[in-house]
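Step one of this worksheet: look at the structure below.
The values are calculated or read from the model by the stated rules, or taken from the named source; none is laboratory data. Not measured: the values here are computed from a predicted model. We place every Cβ from the backbone using ideal geometry, glycine too, and count neighbours over all the protein chains shown. Calculation scope for accessible area: heavy atoms of the full protein, side chains included, ligands and nucleic acids excluded. Shrake-Rupley method; radii C 1.70, N 1.55, O 1.52, S 1.80 Å.
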Amino acid sequence: MTSLAGLAQIVDEAARTATAIPQLTDTLPGLTVDDAYAVQALSVARRRARGERRAGFKMGLPSRAKMAQVGVSEVIWGRLTDAMRLGEGGELHRSRYVHPRVEPEVAYILKKPLEGEVSAAEALAALEAVAPAVEIIDSRYRDFKFALPDVVADNSSSSGFFVGPWACPSTDVANLGILMEVDGRPVQIGSTAAILGDPIRSLVAAARLVARAGERLEPGDVVLAGGATAAHPLAPGMHVQTTFQRLGRVAFSVVA
Ligand code: 0L1
Ligand code: MG
């Protein structure tokens, strides 16, 4: 049996070298979701040991449709580091990823800690600001195929994020229209309401789920609330612009 640390090395090296790997559950069908979160923590610890710093958390599978697709009833989560944050308006290097996709999200940044069971009102009171954002997801598994323990071990496909202009934390982001365009052509249209009905519920879930791992959301943490539409595959030469009603735009270009 490969140790959890050994599995962490496998997923971390796959991400570091942008190399597709077989699913862990192909050879370890008994791998549990709890094991997978332990692997995730160990793999992110390897990044930290290389000098990357904590940046916050991402929530994954926030829509009922995406949960049903993967056969789960709760959102999943992963960890963000400063190396994953990309410069708004800048470039994404395709060669650094296995098969990247982009999805529109809402980003929160905290001014107070949040831990365990909290209400939406408590979550709102802990906010420093809210912003439009996009997440770059990149499963390290071949063909973007995985079972739940695989994706959790792989840091819930976390690989990058762009954050747009920060807005006042009292901005109502419960049901904002979103348009994602590639080279001026619409590729995704949706609403922030697809994120658990209201993205603040995702922040509430983040506080609860992260506490199960003995951690809490800290001041300065960015929390990505989860994808509001299906993710769009990225290729060199694309210019991606995502416009959020009331919040503004996030744009970037894909280079080889
Ligand atoms: O951020 C997400 O919702 C993705 C979570 C993992 C599933 C996937 O990679 O599609
Ligand atoms: Mg996401």
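List of remarks:
- Of the strands (runs of 3 or more DSSP E) entirely within region 1-112, those holding at least 1 residues that are of a type outside the set (Asp, Glu) and more than 29 Å from Ala193 (Cα to Cα) occupy 91-93.
- From Gly78, Gly87, residue being touching a residue at least 60 places away in the same chain (Cβ under 8 Å) and either closer than 18 Å to Tyr141 by Cβ or within 16 Å of ligand 2 (Cβ to nearest atom) (or both): Gly78
- Qualifying residues in region 163-206 (those that are among the β-branched types (Val, Ile, Thr) and assigned to a helix (DSSP H, G or I)) - the one most open to solvent (accessible area, probe 1.4 Å): Val204
- Some residue of region 200-223 being closer than 21 Å to Gly90 by Cα and charged (D, E, K, R): no
- All positions within region 116-136 that are over 19 Å from the mean Cα position of the chain (by Cα) and either under 23 Å from Ser159 (Cα atoms) or surrounded by fewer than 14 Cβ atoms within 10 Å (Cβ to Cβ) (or both): Gly116, Glu117, Ser119, Ala120, Ala121, Ala125
- Looking across Gly220, Gly237, Gly214, Gly226, one residue alone is in a loop (DSSP other than H, G, I, E, B), under 19 Å from Val130 (Cβ atoms) and open to solvent by 40 Å² or more (accessible area, probe 1.4 Å). It is Gly220.
- Residues being within 15 Å of ligand 2 (Cβ to nearest atom) and surrounded by fewer than 24 Cβ atoms within 10 Å (Cβ to Cβ) - total across region 140-155: 2
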